[in-house]
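One structure is given below, encoded as structure tokens.
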Amino acid sequence: MRILSVDDKEDNRYLVEALLKGHGFEVSSAAHGAEALALLAAEPFDLILSDILMPVMDGFELCRRVKADPGLRHIPLVVYTATYTGSQDEAFALKIGASGFVQKPCEPEALIAIIREVLAASAASDCTVLPEPAGEEEVLKLYSERLVRKLEQKMLQLEQEAQARRKTEEILKQSEMNYRSLFNSIRDAILVSDLERRIINCNQAFVDLFGYTLAEIAGQHTLVVYEREEPYQQLGVILNSCMDDPALLHHISFKKKDGQVFPGEVNVFRLRNDEGVPAGFIGLIRDVTDRVRFEEQQKLLESQLHQAQKMESIGRLAGGVAHDYNNMLSVILGYAQIALNKTKPGAPVHDHLLQIVDAAQRSAGMTRQLLGFARKQTVVPQVLDLNKTVEGMLKMLRRLIGEDVALTWRPAADLWPVLIDPSQVDQIVTNLCVNARDAVKGRGAIVIETGTTCCEAAFCAQHAGATAGEYVTLSVRDNGCGIGPVLLDKIFEPFFTTKGSGQGTGLGLAVVYGIVQQNKGFVAVRSQPDQGTTFTLHLPRRVSGGAQGALDASEPIQRGQGETILVVEDEEAILHSTSALLTSLGYRVLAAARSTEAIRLAHAEPGGVRLLLADVVMPEMGGPDLARLLLTFYPGLKCLFMSGYADSVITDSGVAGNQHRLIRKPFSIQELAAKVRAALAS
Amino acid sequence: MNRRLLVIEDNEQNMYLMQFLLEKNGFEVVGADDGARGVEAALACDPLAILLDIQLPGMDGYAVAAALRKQATLAATPIIAVTSYAMVGDRERILAAGAVGYIEKPINPETFVAEIIQYFSPRWDKAEA
């Protein structure tokens with residue numbers, strides 16, 4: 001059986017051909033009525049299966065022609081249509097001679113069944129007795145009607161479709177515009193990539209932030225905007241498990257076109273197509289450099305503030321303890337010395353007492369250091385050239401650090417003056433050099449250097465306690481064992497020591513810290529384990545002609561040049577404070593609470609005592625008698641007496657008429673300095 | 001610097017106490033337990049001052065003072081008498097023998113040194129002048 005399939009759609013022709021061939025039919029296909037007629041003219045067919053709506057010649061026309069052709073009219077024609085499905089269409093088709101009417105889509109079995117049925121009916125009928133086709137005029141009229149109706153429907157449908165499309169386009173356009181402006185006005189950089197992470201799109205913020213244009217970056221792998229691959233891969237792993245969570249911000253470093261790296265926050269969402277299938281990724285990137293910097297700075301400042309507060313409270317505590325401790329030490333020391341005087345040298349108890357005295361004296365040294373840290377030292381700041389002060393110490397420092405440690409002194413030219421008590425410079429440099437010596441473990445190099453620097457506000461933000469301004473720097477550098485970062489925070493705390501038991505008091509750096517603070521400066525430490533440590537002290541530049549520092553008195557303070565003064569005072573607290581004052585004034589002080597101790601000290605002093613500063617009234621022997629005794633041995637000795645007593649007592653003690661040799665308690669440092677100077681000059 | 005004091009005293013306890021007090025106050029003490037050895041020691045050690053007990057065996061304090069005064073090198077060395085004779089007239093007698101002053105026994109450890117230095121140490125205010 002040969003069937004002619006007529007359909008303008010190739011897919012349909014293919015399907016029908018396959019279906020019919022599958023059922024044992026021979027099939028030829030035509031794309032429209034005219035082609036079908038040409039085939040019919042050339043070959044015999046047993047059945048025509050025709051679509052209706054086709055170009056060139058539609059199914060109705062083909063049917064009409066076939067049925068009008070006496071040579072073809074016996075071939076049954078089955079209409080197979082999706083477009084003309086109204087009952088009037090079916091009636092029309094049958095009217096013009098169609099043998100069957102099948103609506104698309106149709107179950108293949110049903111189509112085959114209809115075809116077989118029509119073929120069977122056709123074979124049974126006598127083609128010669130086929131009904132005459134309907135009258136030409138009627139057919140044409142019906143045909144025209146069908147066509148016009150179809151056309152109207154089609155027009156309406158098209159119009160509706162066009163309207164709908166216009167509306168959709170409008171909405172799309174609006175949506176696109178909204179999206180575009182949103183996309184580009186978002187402050188965060190947006191990067192869109194496909195599933196292979198090749199960049200598809202980016203917004204203006206991205207262009208501004210990264211410096212790439214879309215053209216430059218499109219098609220590149222997203223890795224190009226990240227700093228390092230490893231965290232990028234890690235991010236990928238994280239994202240695989242929890243993408244599309246808008247609350248999930250990932251911190252990662254990005255890299256700009258110019259190579260600049262910055263800390264960022266990224267939010268990644270899946271990009272999905274119309275069907276909701278993942279098609280790529282959308283990344284929202286925010287530059288958090290400022291925030292990170294701010295947070296870091298805040299954190300640093302907080303920790304520095306915390307540290308400063310800690311030091312302050314330790315200082316207060318230490319100061320308080322030192323004061324009470326000093327009083328108790330005075331008692332220990334005093335009684336130990338009294339007991340010492342009552343024993344014979346060489347007796348075991350004498351030695352024991354000497355040990356007690358020695359230990360108490362060393363303890364007193366520690367409390368002095370503590371008071372230094374607590375900034376309770378009485379000081380006499382003066383305008384100094386640090387170069388000269390340090391130079392004067394070099395000989396002592398070389399002895400201190402030993403022969404195997406190279407000491408290099410690098411004074412800066414044109415060093416600005418500073419306002420500081422020179423004895424404090426001594427303390428600082430000595431402490432730092434002792435530490436440096438211990439750090440190099442007896443063999444290495446120490447460099448002492450001076451310089452000038454100007455600290456900007458930015459620098460100060462990084463260093464608590466620093467204020468912007470000009471500073472003179474004094475640094476002590478060693479190439480020793482260095483300090484680990486964990487310990488760096490603690491080194492200025494009193495009693496913090498890395499040295500073995502009995503080797504360090506843990507007060508050296510605390511004193512340095514206290515002194516520098518007292519002088520409105522600050523300390524910077526740089527250290528690398530096994531590379532060495534540098535302590536850089538910053539002392540404010542003393543601008544000449546400016547106002548005197550707070551610690552300055554109105555009148556200039558007269559200082560000593562290391563002259564030895566023997567201070568004798570039975571009240572320990574006064575003895576210590578007076579000694580400290582004189583030390584701070586630049587004198588060498590021998591302090592004695594009793595006359596016998598004073599005599600012992602004087603005899604033991606190889607360079608001789610220049611001045612005796614003694615209390616007028618003391619047990620055993622008062623100041624004037626002691627002076628007399630000492631003058632027996634040291635005729636050049638100068639004398640100055642301290643008294644808290646009324647004039648009459650002084651008169652009895654033989655000081656009357658010598659008011660210039662008397663200083664009344666309590667006295668100021670200026671009074672003391674002036675009286676001492678005058679006594680020495682007499 | 002001369003810090004020596006010569007103590008001429010026969011009583012061991014007294015000698016010990018004086019020596020202790022003096023040494024505690026910075027002096028070096030040369031001791032002699034009778035007058036003759038005292039004169040010998042004075043010549044040998046050239047002391048700052050001489051503390052002289054009056055009641056000595058053999059050559060007594062007056063005789064020792066007189067002997068010391070005869071020595072040219074010791075003419076300026078102050079002699080301080082330490083005595084338990086505290087009768088009226090004793091004082092005049094010992095000063096006449098050449099002592100610059102005297103201290104009564106038993107000595108007071110609290111004031112002993114301050115007392116003796118009055119006789120040979122310069123006053124601090126005079127020393128300056």
Open item on the list: Return the residues of the range A:162-200 that are closer than 20 Å to A:Gly211 by Cβ, open to solvent by less than 60 Å² (accessible area, probe 1.4 Å) and either part of a loop (DSSP other than H, G, I, E, B) or at pLDDT 90 or above (or both); say none if nothing qualifies.
Closed with: A:Ile186, A:Asp188, A:Ala189, A:Ile190, A:Leu191, A:Val192, A:Ser193, A:Ile199
Open item on the list: Show the residue pairs meeting these rules: Cβ distance below 6 Å; 6+ apart or different chains; first residue within the range A:660-681 and at pLDDT below 70; second residue in a helix (DSSP H, G or I).
Closed with: A:Ile669/A:Leu581
Open item on the list: Can you tell me which condition A:Cys106 does not meet? The list is (1) part of a loop (DSSP other than H, G, I, E, B); (2) modelled with pLDDT of 85 or more; (3) more than 22 Å from A:Glu138 (Cα to Cα), and all the others hold.
Closed with: (2)
Task: Sole residue being under 19 Å from A:Asp426 (Cβ atoms), open to solvent by less than 40 Å² (accessible area, probe 1.4 Å) and of a type in the set (Val, Ile, Thr), chosen from A:Thr564, A:Thr578, A:Thr596 - done: A:Thr564
Open item on the list: Looking at the structure I just gave you, is A:Arg610 basic (Lys, Arg), within 7 Å of chain B (Cβ to nearest Cβ), in contact with a Ser or Thr (Cβ under 8 Å, 6 or more places away or on another chain) and open to solvent by 10 Å² or more (accessible area, probe 1.4 Å)?
Closed with: no
- [ ] Restricting attention to the range A:279-295, report how many residues are open to solvent by less than 50 Å² (accessible area, probe 1.4 Å) and in a strand (DSSP E or B).
- [x] 7
Task: Condition check for A:Met328: in contact with a Ser or Thr (Cβ under 7 Å, 6 or more places away or on another chain), in a helix (DSSP H, G or I), at pLDDT below 85 and not assigned by TED's automatic domain parsing to the domain that holds A:Val476 - done: no
Task: Boolean, B:Pro109 is over 15 Å from the mean Cα position of the chain (by Cα), within 14 Å of chain A (Cβ to nearest Cβ) and in contact (Cβ under 8 Å) with a residue 12 or more places away in the chain - done: yes
TODO: With the checklist (1) of a type in the set (Gly, Ala, Ser); (2) part of a loop (DSSP other than H, G, I, E, B); (3) away from chain A (no Cβ under 14 Å); (4) surrounded by fewer than 23 Cβ atoms within 10 Å (Cβ to Cβ) in hand, flag the one item B:Ala99 doesn't pass.
DONE: (4)
- [ ] Using the structure shown, decide if A:Gln298 is outside any strand (DSSP E or B), of a type outside the set (Lys, Arg) and at pLDDT 75 or above.
- [x] yes
Task: Condition broken by B:Phe120, with the remaining ones in (1) in a loop (DSSP other than H, G, I, E, B); (2) more than 14 Å from chain A (Cβ to nearest Cβ) satisfied - done: (2)
TODO: Determine if the range A:424-442 includes at least one residue that is in a strand (DSSP E or B), assigned by TED's automatic domain parsing to the domain that holds A:Val516 and open to solvent by 40 Å² or more (accessible area, probe 1.4 Å).
DONE: no
Task: Selection from the range A:121-143 of residues that are under 17 Å from A:Pro70 (Cβ atoms) and modelled with pLDDT of 75 or more - done: A:Ser122
Task: Hits in the range B:1-49 - residues which are away from chain A (no Cβ under 14 Å), under 22 Å from B:Ala114 (Cα atoms) and buried (at least 20 other Cβ atoms within 10 Å of the Cβ) - done: B:Leu6, B:Val7, B:Ile8, B:Glu9, B:Met18
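The values are calculated or read from the model by the stated rules, or taken from the named source; none is laboratory data. Everything numeric in this text was worked out from a predicted model, so none of it was measured. Cβ: placed from backbone, ideal geometry, glycine included. Neighbour counts: every protein chain shown. With ligands, DNA and RNA removed, areas are computed over all heavy atoms of the protein, side chains included. Shrake-Rupley method; radii C 1.70, N 1.55, O 1.52, S 1.80 Å.
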